[in-house]
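Visitor: Handing you a structure now.
The values are calculated or read from the model by the stated rules, or taken from the named source; none is laboratory data. Being a predicted model, the structure only gives us computed values, none of them experimental. Please note: Cβ atoms are built from the backbone with ideal geometry, for glycine as well, and neighbour counts cover all protein chains shown.
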Amino acid sequence: MSSLVLVVNAGSSSVKYRLLDARTGEVSAVGLAERIADASGGTGILTHTDADGRRHRSELPLPSHEAALTAALEAFDAHGPTLRADDLAAVGHRVVHGGDRFSAPVVVDDDVVAAIGELVPLAPLHNPANLEGLAVARRLFPDVPHVAVFDTAFHQTMPEHAYTYAVPLAWRADHGIRRYGFHGTSHRFVAGRTAELLDRPLESVDAIVLHLGNGASAAAVRGGRSVDTSMGMTPLEGLVMGTRSGDVDPALHAHLHRQLGWSLEEVDTGLNRDSGLLGLAGVSDFRELSRRRTAGDPSAALAFDVYCHRLRKYVGAYHAVLGRVDAVAFTGGVGENSPEVREAALSGLERLGILVDPEANRASDTGARRVSPPEGEVAVLVVPTDEEWQIARESLDVLAGRG
């Protein structure tokens, strides 16, 4: 059986894709189509990188996701490698929200598509784009199995007391109001790599995984199973992020409505797009925030402190949830590349056995590594995530189980 998988991640105005071997992780090509159906009338951009790392960038009309994926296939023909349906084991699709219906990846059929559509109210910005990518890819590759891998699925192992909000029964039973969690594909991959780095069976490792990018979330993982996570019914809850506030008083909506006359939509937009690091310091990119902090910008310094305080609070909370912790694993663009965040976020947790070795933490390595002292009770790790490889592996596993 072929182990070659085309992974598709369709967003509202972009499509990311990667062709890779699900068993080895070897990448044959990666690409990004941007500015799909650009409201300003701008030209779309397709960047295709081949196996040798050569980047091929072209500007062309991309009025739809179908045009974007068609252009991607043409890029395979023009720049390699040749992509034939017969060579593919599967097309793996990232789908953001699976609700409580999908606790594992599934082979896509019309019933699955309908179920994902019914979950649109829980992810109105993401699931419609995911569905569009599914529809187009199924038309372009009608004879290849398509597998949906859900961001929320990994967290379906949370116990009821962890995912339940203290709200009326009708809200929970009739409208699906509960904690779902996100970044599950990344958390699953990093938890597995953490066990490998510790040279222990996954079932024996309890870890706190911190996925820190423009979006950010923490997960408490016991024996490879999520038992709690910081994001909730939506990706807004939890840690401070690039433009999202994370935890705030739920009464904030009502207060802003009463005092300023703001609509729910205005408050929602403010919390999702104008808050977080952007709201605190006027910049959402952590690299720029770090530059400004180093230059003495007090707003950037406050944003950094708020960000790391929230992280430290969740690490402490998840240490309590797990009872014992074998590792704290940092991943994502910020988690992998900011030694300052790793050090500040874990500062003061020595009594919990969590220490950072300053020299190891600030080393210029980029691979998976330990940044805590060898004698440290809790291993502090940097683990580069690879969500596309995880999607490819899970797609292959589903097909193997079906066979």
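Visitor: Restricting to the stretch 31-60, and then to whatever is among the hydrophobic types (A, V, I, L, M, F, W, C) and in a strand (DSSP E or B), can you tell me which residue is nearest to the chain's Cα centre (by Cα)?
Guide: Filtering first and then ranking leaves Leu32.
Visitor: I've got another one for you. Of the residues Val283, Val306, only one is over 16 Å from Leu125 (Cβ atoms), β-branched (Val, Ile, Thr) and outside any loop (DSSP other than H, G, I, E, B); which? Outline the logic, then answer.
Guide: On the way: Val283 fails: outside any loop (DSSP other than H, G, I, E, B).
Among Val283, Val306, only Val306 is over 16 Å from Leu125 (Cβ atoms), β-branched (Val, Ile, Thr) and outside any loop (DSSP other than H, G, I, E, B).
Condition check ((1) without any contact (Cβ under 8 Å) to a residue 40 or more places away in the chain; (2) touching a Cys at 6+ places or on another chain (Cβ under 8 Å); (3) surrounded by 14 or more Cβ atoms within 10 Å (Cβ to Cβ)) across all residues:
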residue: Gly42; (1), (2), (3): yes, no, no
residue: Thr47; (1), (2), (3): yes, no, yes
residue: Arg55; (1), (2), (3): yes, no, no
residue: Pro63; (1), (2), (3): yes, no, no
residue: Phe76; (1), (2), (3): no, no, yes
residue: Asp87; (1), (2), (3): no, no, yes
residue: Gly92; (1), (2), (3): no, no, yes
residue: Val106; (1), (2), (3): no, no, yes
residue: Ala114; (1), (2), (3): yes, no, no
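Visitor: Sticking with this structure for a sec: With within 24 Å of the chain's Cα centre (by Cα), in a loop (DSSP other than H, G, I, E, B), at pLDDT 95 or above and surrounded by fewer than 23 Cβ atoms within 10 Å (Cβ to Cβ) as the only criterion, which of Pro384, Pro373 stands out?
Guide: Criteria check complete, one pass: Pro384.
Visitor: Residue check: is Ala392 over 30 Å from Ala29 (Cα atoms), at pLDDT 95 or above and either outside the structural domain of Leu19 (by TED's automatic domain parsing) or outside any loop (DSSP other than H, G, I, E, B) (or both)?
Guide: In short, no.
Visitor: Here are some residues: Val147, Val113, Val167. Which one is assigned to a loop (DSSP other than H, G, I, E, B) and β-branched (Val, Ile, Thr)? Before you say what the answer is, go through the steps one by one.
Guide: On the way: Val147 fails: assigned to a loop (DSSP other than H, G, I, E, B); Val113 fails: assigned to a loop (DSSP other than H, G, I, E, B).
That would be Val167, the only listed residue that is assigned to a loop (DSSP other than H, G, I, E, B) and β-branched (Val, Ile, Thr).
Visitor: Can you name the residue in the stretch 262-317 that is in contact (Cβ under 8 Å) with a residue 40 or more places away in the chain and among the polar types (S, T, N, Q) and is also surrounded by the most Cβ atoms within 10 Å (Cβ to Cβ) among such residues?
Guide: Ser284
Visitor: Another question, if that's okay. Which residue is farthest from the chain's Cα centre (by Cα), if the candidates are limited to the stretch 205-231 and must be free of Cβ contacts under 8 Å to residues at least 40 places away in the same chain and farther than 13 Å from Val325 by Cβ?
Guide: Gly224
Visitor: So Leu88 clears everything in (1) over 24 Å from the mean Cα position of the chain (by Cα); (2) of a type in the set (A, V, I, L, M); (3) under 30 Å from Arg178 (Cβ atoms) except one condition, right? Which one?
Guide: (3)
Visitor: Now a separate question. Could you identify the single residue in Asp268, Asp326, Asp357, Asp297 that is within 25 Å of the chain's Cα centre (by Cα), among the charged types (D, E, K, R) and over 26 Å from Arg225 (Cα atoms)?
Guide: Just one listed residue meets the conditions, Asp268.
Visitor: A follow-up question, please. Please verify whether the stretch 232-242 includes one or more residues that are under 14 Å from Ala320 (Cα atoms) and touching a residue at least 60 places away in the same chain (Cβ under 8 Å). Break it down stepwise before answering.
Guide: Quick first cut of the stretch 232-242, residues under 14 Å from Ala320 (Cα atoms) only: none.
No, because not a single residue in the stretch 232-242 is under 14 Å from Ala320 (Cα atoms) and touching a residue at least 60 places away in the same chain (Cβ under 8 Å).
Visitor: Something else: Within the stretch 250-268, take every residue that is out of contact with any helix residue (DSSP H, G or I) (no Cβ under 8 Å at 6 or more places or on another chain) and assigned to a loop (DSSP other than H, G, I, E, B) and give me the one that is farthest from Ser284 (Cα to Cα).
Guide: Among residues in the stretch 250-268 that are out of contact with any helix residue (DSSP H, G or I) (no Cβ under 8 Å at 6 or more places or on another chain) and assigned to a loop (DSSP other than H, G, I, E, B), the one farthest from Ser284 (Cα to Cα) is Gly261.
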